[in-house]
Amino acid sequence: MQYDTRNYRSSARIGHGSSRAEVDEGLRTFMLKVYNSMALGLAVTGVVAYYVAHSPALLQAIFGSPLQYIVMLAPLGFVMALSFGIQRMQASTATLLFYVYAGVMGLSLSSIFVVYTGESMARAFFATAATFSAMSLYGYTTKRDLTGMGSFMFMGLIGILIASLVNIFIGSSALQFAISVIGVMVFVGLTAYDTQMLKSMYYASDDVETGTKKAIMGALTLYLDFINMFLFILRLFGERR
């Protein structure tokens with residue numbers, strides 16, 4: 001499913017005979033569904049990560065065996081399945097797959113409870129929540145077209161991935177610091193851009209089934225923005241045990 005990046009304020013997106021008030025109310029309902037799904041996904045991730053982190057047997061079973069590689073790579077598989085296969089899925093299937101993905105992500109992230117102190121994780125979470133909320137509100141309310149910024153942020157994301165792969169071999173703490181700083185800025189920008197693009201997705205919805213699928217994809221997109229922003233902030237300011 002791809003974003004429609006054409007002017008989402010065009011009257012062509014308002015539907016057949018819909019009033020502005022009806023469209024605005026529908027948009028608010030759609031965005032609320034996106035945010036609620038994203039928040040529930042984050043809650044599932046947090047609960048699973050916390051439970052596994054406080055179970056030595058589960059930690060040993062996952063991270064003390066080759067299973068850790070499956071747990072690490074499985075979230076990518078879920079994202080690809082949703083991104084490329086959601087058109088052929090029922091909305092209920094896509095919704096279930098999103099929450100299963102959030103649970104698997106919790107397995108993958110459980111190790112951070114072992115690495116970082118609870119206080120520093122709480123600070124990183126609230127800093128992320130505040131930043132995410134501000135940038136998502138900006139993306140929702142701004143009249144400025146953020147398409148250009150989104151393209152720039154995407155190039156920055158590619159640069160981060162390449163730099164991270166390079167740093168696996170050279171192990172530079174300075175490069176890791178730079179990656180974390182740039183990573184925070186990239187996902188701050190992507191949060192605003194993705195929120196604006198969700199409005200475009202809503203205006204392009206044709207029926208309830210399609211709208212539900214787009215809400216799930218929107219929740220997945222914002223979920224990824226939030227999780228990645230949190231992890232980069234944690235790497236910058238988190239206190240290790």
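The values are calculated or read from the model by the stated rules, or taken from the named source; none is laboratory data. Owing to the predicted nature of the structure, the values given are computational and were not obtained by experimental measurement. All Cβ positions, even for glycine, are placed from backbone atoms using ideal geometry, and neighbour counts span all protein chains on display.
Before moving on, here are some points about what is shown:
- Selection of first residues in the range 74-89 that are in a loop (DSSP other than H, G, I, E, B) and of second residues that are crowded, with 16+ Cβ neighbours inside 10 Å and not aromatic (Phe, Trp, Tyr), restricted to Cβ pairs under 8 Å at least 6 apart or on distinct chains, gives the following pairs, ordered by first then second residue: Met89/Leu97; Met89/Lys213.
- Residue in the range 138-153 that is at pLDDT 90 or above, in a helix (DSSP H, G or I) and within 29 Å of Leu96 (Cβ to Cβ) present: yes
- Qualifying residue in the range 104-115 (condition: without any contact (Cβ under 8 Å) to a residue 12 or more places away in the chain, of a type outside the set (Asp, Glu) and surrounded by fewer than 18 Cβ atoms within 10 Å (Cβ to Cβ)): no
- Scanning the range 98-137 for residues that are under 14 Å from Met38 (Cβ atoms) and not aliphatic (A, V, I, L, M) yields Phe98, Tyr99, Tyr101, Thr128, Phe132, Ser133, Ser136.
- Considering (1) surrounded by 16 or more Cβ atoms within 10 Å (Cβ to Cβ); (2) under 25 Å from Val34 (Cα atoms); (3) of a type in the set (A, V, I, L, M), the lone condition that Leu59 does not fulfil carries the number (2).
- Of everything in the range 189-241 that is farther than 17 Å from Leu96 by Cα, of a type in the set (D, E, K, R) and modelled with pLDDT under 90, the residue that is surrounded by the most Cβ atoms within 10 Å (Cβ to Cβ) is Lys199.
- Set Tyr140, Tyr202: member being under 14 Å from Val34 (Cβ atoms) and touching a Phe, Trp or Tyr at 6+ places or on another chain (Cβ under 6 Å): Tyr202
- The lone exception for Ile158 - which of (1) surrounded by fewer than 13 Cβ atoms within 10 Å (Cβ to Cβ); (2) under 20 Å from the mean Cα position of the chain (by Cα); (3) within 18 Å of Thr45 (Cα to Cα) it fails: (3)
- Screening Ser173 against (1) surrounded by 19 or more Cβ atoms within 10 Å (Cβ to Cβ); (2) modelled with pLDDT under 90 leaves a single unmet condition, (1).
- Evaluation of Val166 against the conditions (1) exposed (fewer than 14 other Cβ atoms within 10 Å of the Cβ); (2) under 20 Å from Gly218 (Cα atoms) shows that the sole unmet condition is (2).
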